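The values are calculated or read from the model by the stated rules, or taken from the named source; none is laboratory data. Quick caveat, the model's predicted, so the values are computed rather than measured. Reconstructed Cβ throughout: ideal geometry from the backbone, glycine too, with neighbour counts over all protein chains shown.
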């Protein structure tokens, strides 16, 4: 059987596959720092050369920012595979145990790991799919599916070129479904397929009271303090049950499907352990929902920063002229980012003290993404991942945002299958980032199974 031969090839070639990943990891493709622009371009060219060597029609495509890499090959069902080759900055460098761009396999109590910046986010993950294609071509001379590769070099710096590029190249990039390998396992033995991602709205608020800072002895008690006004508004966002009080906030929030709720409940999520790991103990979301529902399928309103007045050493007894806050909303279902922003701003205005005024910074937002799991690729992927790990693959939600999945829906008209092999302890974006060697190995095997199943 072809698949058995492909899987055997992957096992035999693991050392060489790891060496190829190391070559990519050595390139410091930090997209947010202009000092590394040449390295970002070098990483793009490395990928294009690698795909060309495998027989794909590959090219580096310029943008107004960092380049995209696009490649085509194979016959059969058409899939688009997306990944990003740029990485986060390494600061603070002093907290790394070794050079972040000198990858190494290290022995740990939980097994061998690949230690380097980009190991899990996202170079190690995207290379799992390339290596799966390599094994299929080495054993059969072809691929069981038609594959379009689409690699981005700006994911870690806000993807400013992504939407214009997708719109300009929609006909070339459109496929039956997108495959994205930039997520993680549910736990060490349970693989996951992310079927819904929360969106986000970002707001920055400035409340102004008096035209200048005031002496608290002369004006305290008679003058409205804008920090007091700000905290009153923000404290009113949630009621005593954790429900968000902004009018129409829950428009578009769906009930969780019973079969999906049953699957999530069966994962055995330990709320106490999850919170205990960060020094907390009690879930603070809406009462009546499980911990996984709180982070995967319920919307949120969070205060991410608040400041005003004097915050330096010592004491300065002033009533400040202004108070500031940053607030974000995680969205689910069909919640409309524009409506959320509009309703929030009106609600703040309605709560405001008459002596205060408010202004808002325009920071934008993205809707949630919900995938149609009736597409046959989901069943194929779930079976494939379940064969590679002890636990059966679960359909999960994503608490964060991966905007590209939403852009694929709105611009290319296709859903995304998000299956990644990262783990919670991988130190993504942090010093000493790592990727388990077993995640790399089984990830390659899993994608090989997915490609075979799609045929």
### Message
With modelled with pLDDT of 95 or more, crowded, with 24+ Cβ neighbours inside 10 Å and over 19 Å from the mean Cα position of the chain (by Cα) as the only criterion, which of 178, 135 stands out?
### Response
135
#### Entry: Unique residue being over 25 Å from residue 113 (Cα atoms), buried (at least 22 other Cβ atoms within 10 Å of the Cβ) and assigned by TED's automatic domain parsing to the domain that holds residue 190 when the list is 420, 413, 443, 397
397
### Query
Just a yes or no: is a residue in segment 298-312 assigned by TED's automatic domain parsing to the domain that holds residue 345, exposed (fewer than 12 other Cβ atoms within 10 Å of the Cβ) and either touching a residue at least 60 places away in the same chain (Cβ under 8 Å) or assigned to a loop (DSSP other than H, G, I, E, B) (or both)?
yes
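Residues checked against (1) under 23 Å from residue 81 (Cβ atoms); (2) touching a residue at least 24 places away in the same chain (Cβ under 8 Å):
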position	(1), (2)
349	no, no
387	yes, yes
394	yes, yes
399	no, yes
402	yes, yes
423	yes, yes
435	yes, yes
455	yes, yes
### Task
Read through the list (1) within 27 Å of the chain's Cα centre (by Cα); (2) in the same structural domain as residue 237 (by TED's automatic domain parsing), then give the number of the only condition that residue 290 fails.
(2)
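Yes/no per residue for (1) touching a helix residue (DSSP H, G or I) at 6+ places or on another chain (Cβ under 9 Å); (2) surrounded by fewer than 21 Cβ atoms within 10 Å (Cβ to Cβ):
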position: 319; (1), (2): yes, no
position: 334; (1), (2): no, yes
position: 341; (1), (2): no, yes
position: 351; (1), (2): yes, yes
position: 383; (1), (2): yes, yes
position: 387; (1), (2): yes, yes
position: 391; (1), (2): no, yes
## Note on the structure
The strands (runs of 3 or more DSSP E) lying wholly within segment 15-122 that contain at least 3 residues that are surrounded by fewer than 14 Cβ atoms within 10 Å (Cβ to Cβ), touching a helix residue (DSSP H, G or I) at 6+ places or on another chain (Cβ under 9 Å) and assigned by TED's automatic domain parsing to the domain that holds residue 174 are none
#### Entry: Subset tally (residues that are within 22 Å of residue 37 (Cβ to Cβ) and over 26 Å from the mean Cα position of the chain (by Cα)) for segment 60-114
0
### Query
Within the bounds of segment 238-260, is there any residue that is over 30 Å from the mean Cα position of the chain (by Cα), over 26 Å from residue 336 (Cβ atoms), surrounded by 15 or more Cβ atoms within 10 Å (Cβ to Cβ) and at pLDDT 95 or above?
no
### Task
Report whether or not residue 359 is farther than 25 Å from residue 185 by Cα and either more than 28 Å from the chain's Cα centre (by Cα) or buried (at least 19 other Cβ atoms within 10 Å of the Cβ) (or both).
yes
### Subset of segment 138-154 [buried (at least 20 other Cβ atoms within 10 Å of the Cβ) and assigned to a helix (DSSP H, G or I)]
none
### Message
Just checking, does segment 155-167 include any residue being free of Cβ contacts under 8 Å to residues at least 24 places away in the same chain and outside any loop (DSSP other than H, G, I, E, B)?
### Response
no
